[in-house]
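Notes follow the structure.
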Amino acid sequence: MINISLLGASGSVGESCLKVIDRFPDKLKLLNCSIHSNLKKGLEIITKYSPEYLVITDSNVDRGFLGTKKSNTIILYGDSFLKEIVSFNEIDIVVTAIVGAIGIHPTISAIQANKKIGIANKETLVTFGPYIKSLLKQSKSELIPVDSEHNALFQLINHKKKENINCITLTASGGSFRDFPIEDLKNVTVEQALKHPTWKMGPKITIDSASLVNKSLEVIEAHFLFDMPYEKIEIVIHPESIVHGIVENKDGSVEMYASHPDMIFPVAHSIFYPNPTPEILIERKPASFKNLTFKEVDYKRYPALPLAIQSGKMGGTAPCIYNAANEVAVELFLKQEIKFLEITEIIEKTLNKIPISYPESLEEFLEIDSLARKTAKIRKES
Ligand code: NDP
Ligand code: MG
C-alpha cells in the first residue's frame, strides 16, 4: 500500500489525485490531507476516504460544521499542522496541490522528512528555487513533477545524459485568449478568461494560462527541476494540449511525450514512481490525437513570458517578485478590480521597484515575497 498525504485535496489537482486513488483502491491510501475553506468537499472526503487527519488551513471557517459529523477522521485547524502531517513515518508520498507560494512551509517539512514529493505547487519552486535546491542537497527527498509538461519531460529525460540534449520544450495551449485579436484583450472579462480551451483547472492557474504567466512560471520551474540553463528551455504553442514535453537531442532526433489532457496521468506517475503506473483505462489510440499543430509564441500577445525569462536569468529574488506580484494581480483581476492586461503591467512595475538580491536564507526570501505583495497592491504611481 502507498500512503499519500495530499495537500489541497479540495482543488482541481486534488480531485485528480482522488480519482487516481479511486482507480487503485487496493494500492493507494489517502492517509491524510488538507483543504483550505471548502468544507463541503472536506465532508465528502472524510466520508469517502476516512483519512486519519484532515487539516483545515483557513482560520475563518465555521469550526462547528465538520465537528458535528460522525467520522473517524481527526480534524485539525491551522496551517501549522501541515508540517506535521507530511512528516509522519507512514507517509510514502506527499502531493503538494496547494495553490500559491504559501506551499513553501509544508514543502520544507516534507523535504526535511526525506519524503518523495509529487510537486504540483509550482509557485513554491519558482519563488524559493535556490533555497529549495540547497535543502534538497542535504536530504534524501526527491521532487517528482506533477505539472504535466514537467512530468512529461521528467519521463523523457530520465536516464539521459544532459550533454546529449540540445534543448527541452514546454508546450502551451495559449489559454483562453489565444485566438482573440490583440486589440480586444484590454476589455476581456473574468468569465471569458476562466474558459480554458483544453484543461479544466483551478481559477488562478486558468488566468495564468490566459496571460501565459503559467508557462512563464513553468520555464523557471523547469530550470530548477532539470538544472537546465534558460537558453535551452523553449516554449511552443500547441493548441491541442496532447504533446506536453519535447526533448531535442544532439543526434538530431526529437522525442515527444503525448497523452490526453488529463491530470490523472502525471499525478499517477508521480505516485507510483519509480515503478510504472499500472493500467489506467482511458482512450489512448494515436488516431484520436488529431491535427497536432505547433506554432511560435507571439511575445506581443504574451508580454509576461519575456519578462519571466529575464527574471529567471537574473535569478535570486527576481522570480520571487514576479510570482508574488502575479498572485496579487490575479486576485485583483478575479475580484474585477483590475483589467486583464494590468496583470502583466503590475508584475513589471513591481519588478522595477524592488532591487534584486541573492539571499540564502528562507527569512530573506520571505521578506522579499511579502514586500513584493505589498508593492504590487499599490497601484497609484507615487
Ligand atoms: P485550485 O484552486 O483548484 O485548488 C487549490 C487548493 O489549494 C484547494 O484545495 C484550496 O483549498 C487550497 N488552498 C487555497 N488557498 C490556500 C491557502 N492559503 N493555504 C492552503 N491551501 C490553500 O488549484 P489547482 O488544483 O488548479 O492548482 C493547484 C496547484 O497545482 C497550483 O500551484 C497550480 O499552478 C498547480 N497545477 C495545477 C494544474 C491543474 O490542472 N489544475 C496543472 C499543473 C499544475 P479550498 O478549495 O478548500 O479553499
Ligand atoms: Mg503545466
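Just so it is clear, none of the values below were taken in a lab; they were calculated from the coordinates. What you are looking at is a predicted structure, and each value in this text was computed from that prediction instead of being measured. Cβ: placed from backbone, ideal geometry, glycine included. Neighbour counts: every protein chain shown.
In summary, the aspartates and glutamates within cross-link reach of residue 374, defined as a Cα separation below 18 angstrom excluding same-chain residues under 8 places away, comprise 123, 327, 331, 337, 342, 345, 348, 363, 364.
Over region 95-159, the hull volume per residue, using the convex hull of the C-alpha atoms, is 83 Å³. What the phi angles of region 197-210 give under the Karplus curve with 6.51, -1.76 and 1.60, with θ = phi - 60°, is a coupling list of x, 10, 9, 9, 9, x, x, 5, 5, 5, 5, 4, 6, 5 Hz, glycine and proline written as x. With springs only between Cα atoms under 10 Å apart, run a GNM on the chain and tell me which of 31, 292, 76 wobbles the most. Answer for the Gaussian network model of the chain: 292.
Karplus-based coupling profile of region 247-257, in residue order and whole Hz: 10, 9, 8, 5, 6, x, 7, 10, 10, 10, 10, with θ = phi - 60° in 6.51 cos²θ - 1.76 cosθ + 1.60 and x standing for Gly or Pro. Shown for region 56-180: lysine pairs separated by 8 or more places, or found on different chains, whose C-alpha atoms are under 22 Å apart, numbering 25.
Under conditions of 20 °C and 1.002 mPa s, region 1-47 yields 201 µm² s⁻¹ as its translational diffusion coefficient, taking Rh as the Kirkwood radius over Cα pairs in the Stokes-Einstein equation.
What fraction of the Cα pairs in the chain, stated in percent, has a spacing above 34 angstrom? Show your work: numbers first, answer last.
On the way: 18593 of 72771 pairs.
Of all Cα-Cα pairs in the chain, 26 percent lie more than 34 Å apart.
Between residue 182 and residue 43, the simple spin-label model (points 7 angstrom out along Cα→Cβ) gives 5.0 nm. Summarising the strand pairing of the chain, around 25 percent of its internal DSSP beta bridges are antiparallel. In region 207-311, the inverse of the mean reciprocal separation of distinct Cα atoms equals 15.8 Å; this is its Kirkwood hydrodynamic radius. Eigen-decomposition of the gyration tensor built on the alpha-carbon atoms of region 55-125 gives equivalent ellipsoid semi-axes of 24, 15, 9 angstrom, largest listed first.
Quick check: from the Cα gyration tensor, does region 239-279 come out rounded (a/c under 1.5), prolate or oblate? Don't skip to the answer; put the middle values down first.
On the way: a/c = 3.33, a/b = 1.48, b/c = 2.26.
Oblate, since a/c reaches 1.5 and b/c is not below a/b.
Give me the tail of P(r) for region 234-382 as a percent: Cα-Cα pairs with distance above 23 Å.
Numbers: 6302 of 11026 pairs.
Roughly 57 percent, rounded to a whole number.
Spatial offset of region 42-114 relative to region 122-149 amounts to 20 Å, using the alpha carbon center of each.
Provide the packing ranking of 160-171, 323-334, 206-217, i.e. peptides ordered by the mean count of other C-beta atoms within 10 Å per residue, highest first.
Details: 160-171: 15.7, 323-334: 23.9, 206-217: 26.5.
The densest-packed peptide leads the list: 206-217, 323-334, 160-171.
Expressed in Å, the radius of gyration and Dmax of the Cα atoms of region 82-219 are 17.3, 55. Sparse packing (at most 10 other Cβ atoms within 10 Å of the Cβ) combined with a DSSP loop state is found for the following trypsin sites (Lys or Arg not before Pro) in region 38-138: 70.
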